[in-house]
Amino acid sequence: MIRPTRALLPVLLVLLLPVVLTGCDADKNAGGAADSADLDAAARAWDVAPELVYVTDVSGYTVFQQSAGGYDDEFVVAYRSEKGATKFGLFAGRGTMTAENCSEQPLGEVSDKQVTCEHDGDAWYRKAGDSHEYAVPDGDVVIRLIADEDKVDRATLRKAAEAVHRPDDAELAALLPATGGADT
């Protein structure tokens, strides 16, 4: 009796493998990018292009919901530490970041200080005055993660840069203000 069971196991695995793999793909896609209609509606409300909406995920930091929106043709959102003492900003706008133009582009609101640039993986680590950032190019969009150097360390900003991505449905919902059934 043991022999036929052993012989059936490989056959069952071959027959069930496509079903198992299809189930895995369904789970993987469930965490994918937000529905384009939802993203388009949110981007319209923020007055930004949908392709500029990005998020990140860093342990110990959460989205400061009221901060999400459009500012000077960019998508902006702030992340604050769970203790609320530190924060960094994510800014996504059209442009490029190259070795030739990196130091010429202002770093946030620090326009009177020399910007230094260091290529770090797929991103640029930049410093000017007391501010520092990671700039992550993605096609014709540059996502900047910026903070005060004495408040958020480089390692945290690097993790944020490595985790930059388009929002899934849950992340998009976290960016939107909760109305609690009331009209805003």
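Coordinate-derived values only; no laboratory data. Because the structure is a prediction, the values reported are computed rather than measured. Backbone-built Cβ (ideal geometry, glycine too); neighbour counts: all protein chains shown.
Mind jotting down the distance between the C-alpha centroids of the range 58-98 and the range 127-172, whole Å?
After rounding, the separation between the Cα centres reads 8 Å.
More than 24 angstrom separation, counting every C-alpha pair in the range 37-175; what % is that?
Working: 2376 of 9591 pairs.
Of all Cα-Cα distances in the range 37-175, 25 percent exceed 24 Å.
If I model a spin label as a point 7 Å beyond the Cα along the Cα-Cβ vector, how far apart are those points for residue 122 and residue 173 in nm?
Modelled inter-label distance: 2.7 nm.
In whole Hz, what ³J(HN,Hα) sequence does the range 91-99 give by Karplus (6.51, -1.76, 1.60; θ = phi - 60°), x for Gly and Pro?
10, 10, x, 6, x, 9, 9, 10, 4
Want the number for residue 109 to residue 83: 0.36 nm per residue separation, take away the alpha-carbon distance, what's left?
Result for the pair: 6.8 nm of gain on full extension.
Would you calculate the separation in nanometres between label points at residue 99 and residue 40, each defined as 7 Å from the Cα along the Cα-to-beta-carbon direction?
Modelled inter-label distance: 4.1 nm.
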